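The values are calculated or read from the model by the stated rules, or taken from the named source; none is laboratory data. Note that the coordinates shown come from a computational prediction; the quantities given were computed from them, not determined experimentally. Cβ: placed from backbone, ideal geometry, glycine included. Neighbour counts: every protein chain shown. The accessibility values were calculated without ligands, DNA or RNA, using every heavy atom of the protein model including side chains. Shrake-Rupley method; radii C 1.70, N 1.55, O 1.52, S 1.80 Å.
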Amino acid sequence: QHTLANFTPTLFLSRIYIRSLPTDFHRWNLTGWSWDIMLQHFKTLENFVDHRWAVPRFWSEQNQTTPSWRGREGPVATLSSGPSVDAVAPLFVESFLASGSPLAERGFNNPNPSRRVGAGYYEFNINNGVRHSIVEAFLGGWNSDTSTPPANLFVKTDSTVRRVLFDGQNMATGVEYFHLGSGVEESAFLQDSNSEVILAAGAIMTPQLLFNSGIFEGGSVADIPGVGKNLQDHPVVSVVFELSPGLAQEASTIYTVANDMDSYFNSVQELKDIQEQGLNMTIEEMQETFANIGVLGTSGFSAGAFLRSPWARDDAPDLQLTVFPRVIEPHLVKKIQKTRKDFPFSAPAMLITVALLDADARHQIYPGVGQSDEKSSSKSKTQKKLRERRA
């Protein structure tokens, strides 16, 4: 028996659940990707479990019925920040409101752009104190209701896909991949004409695979000018603030929770047992159990804010603030580790990141060359010479 593990540190994959706004889909203007179409997929995937505890004090107890744009029967759990919010989060929201700024709707997921503007608590894909990943939701993870993976799923480990294979009519028939274990190239083919190849290798490697397969501007399989172009990124500024001694003691993080491990695992197992046995818990019992789970059952942070700068294009916010009770944002941590080996990560300090959501800059990548397309090789050499001249 072989196990495909999907292990990720709790605090390094944030699990934040934020949907795109209707204005985003309108701006993208892609056929088959309108807000109305994608909303049905959002609802089908989601299991909104906000009913598990009382509403945080900043929001009204009224109108707690599930909105029509939420899903209740899907496989992926969506959870609002509840009794385990970090100690810094409520103070941030209080300060934000004291400055005259608005309170956003809980979770930041109301499809009305103006309801996202303001400070609030995030929503997360967490189920019973454990990250509710794709493995958990669909492939039978240990904390999932699904006991076994789907019968038609086959996972090939230690393998790197090189290109998509096509027949004489330029219809995809499978993929070619390199198997690290055997050290040889192998192929996997579609079972029938109703099957399809789906590339999901990220913003960098997906264009590379298309390029290797002869799909790009002037490609032998398909002439598509947009491959590798129009890439967008979100510049982020990180600001660190010193915490007062009292608040630093309350703001537990991965540096201070070693003694909470037993309580966490016991509480997670208790919730799992209750779920499997179909038992019900009162809100008070649920709050107590989640309080015992503590920071290990969260993403390590709770609060944030969405703002509109003077350059915002429409009613939607174009700035996002995220509040970390300690310096634990993974991109910043990696950068600091490279430049400041002596940085005291356990020091009493909090972090706020400010991200630009709607940047003007557009980028282009120049993929390496696959062996499958001589024309792409010539084009790549020409592009390389042009870059060298510009440099």
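Quick check on my filter: what residues within segment 315-367 are among the charged types (D, E, K, R) and under 21 Å from Val85 (Cβ atoms)? Selection gives Arg326, Glu329.
Filtered by the rule that a residue be assigned to a loop (DSSP other than H, G, I, E, B) and either more than 15 Å from Leu165 (Cα to Cα) or free of Cβ contacts under 8 Å to residues at least 12 places away in the same chain (or both), segment 206-221 gives Glu217, Gly218.
Ile224 fulfils the conditions (1) touching a residue at least 40 places away in the same chain (Cβ under 8 Å); (2) of a type in the set (A, V, I, L, M, F, W, C); (3) out of contact with any Ser or Thr (no Cβ under 8 Å at 6 or more places or on another chain); (4) farther than 17 Å from Arg162 by Cα except for a single criterion, (1).
Could you please find all residues in segment 104-140 being part of a loop (DSSP other than H, G, I, E, B), under 13 Å from Ser81 (Cβ atoms) and of a type in the set (Gly, Ala, Ser)? Listed by number, the list holds a single entry, Ala104.
Take the conditions modelled with pLDDT of 75 or more and touching a helix residue (DSSP H, G or I) at 6+ places or on another chain (Cβ under 8 Å) and apply them to Val268. Does it pass? Criteria met by Val268. Hey, any hits in segment 188-195 for a residue that's hydrophobic (A, V, I, L, M, F, W, C), more than 30 Å from Phe301 (Cβ to Cβ) and exposed (fewer than 12 other Cβ atoms within 10 Å of the Cβ)? So far as segment 188-195 goes, yes, one or more of its residues are hydrophobic (A, V, I, L, M, F, W, C), more than 30 Å from Phe301 (Cβ to Cβ) and exposed (fewer than 12 other Cβ atoms within 10 Å of the Cβ). The single condition among (1) more than 30 Å from Arg116 (Cα to Cα); (2) at pLDDT 75 or above; (3) open to solvent by less than 90 Å² (accessible area, probe 1.4 Å) that Ala258 does not satisfy is (2). Among the residues making up segment 151-175, those that are over 18 Å from Phe216 (Cα atoms) and assigned to a strand (DSSP E or B) are Ser159, Thr160, Thr173, Gly174. Among the residues of segment 318-365, those identified as touching a strand residue (DSSP E or B) at 6+ places or on another chain (Cβ under 9 Å), in a loop (DSSP other than H, G, I, E, B) and open to solvent by less than 20 Å² (accessible area, probe 1.4 Å) are Asp318, Pro325, Arg326, Val327, Ile328. Per the listing Gly300, Gly294, Gly304, the residue uniquely at pLDDT below 90 and outside any helix (DSSP H, G or I) is Gly300. Considering segment 198-224, the residues that are of a type outside the set (A, V, I, L, M) and open to solvent by 70 Å² or more (accessible area, probe 1.4 Å) include one that is farthest from Thr173 (Cα to Cα), namely Glu217. With respect to the conditions (1) under 25 Å from the mean Cα position of the chain (by Cα); (2) of a type outside the set (S, T, N, Q); (3) part of a loop (DSSP other than H, G, I, E, B), Gly100 lacks only one, and its number is (1).
Selection over segment 179-205 of residues that are more than 30 Å from Asp233 (Cα to Cα) and either part of a loop (DSSP other than H, G, I, E, B) or not charged (D, E, K, R) (or both) gives a count of 15. Which residues, counting only those in segment 161-179, are loosely packed, with under 11 Cβ neighbours inside 10 Å and in contact with a strand residue (DSSP E or B) (Cβ under 7 Å, 6 or more places away or on another chain)? The one that is loosely packed, with under 11 Cβ neighbours inside 10 Å and in contact with a strand residue (DSSP E or B) (Cβ under 7 Å, 6 or more places away or on another chain): Asp167.
Apart from one condition, Thr10 fits all of (1) under 30 Å from Glu288 (Cα atoms); (2) at pLDDT 90 or above; (3) surrounded by 17 or more Cβ atoms within 10 Å (Cβ to Cβ); (4) touching a helix residue (DSSP H, G or I) at 6+ places or on another chain (Cβ under 7 Å); the exception is (2). Among the residues in segment 113-134, are any surrounded by fewer than 19 Cβ atoms within 10 Å (Cβ to Cβ), touching a helix residue (DSSP H, G or I) at 6+ places or on another chain (Cβ under 8 Å), over 21 Å from Glu73 (Cβ atoms) and modelled with pLDDT of 90 or more? So far as segment 113-134 goes, yes, one or more of its residues are surrounded by fewer than 19 Cβ atoms within 10 Å (Cβ to Cβ), touching a helix residue (DSSP H, G or I) at 6+ places or on another chain (Cβ under 8 Å), over 21 Å from Glu73 (Cβ atoms) and modelled with pLDDT of 90 or more.
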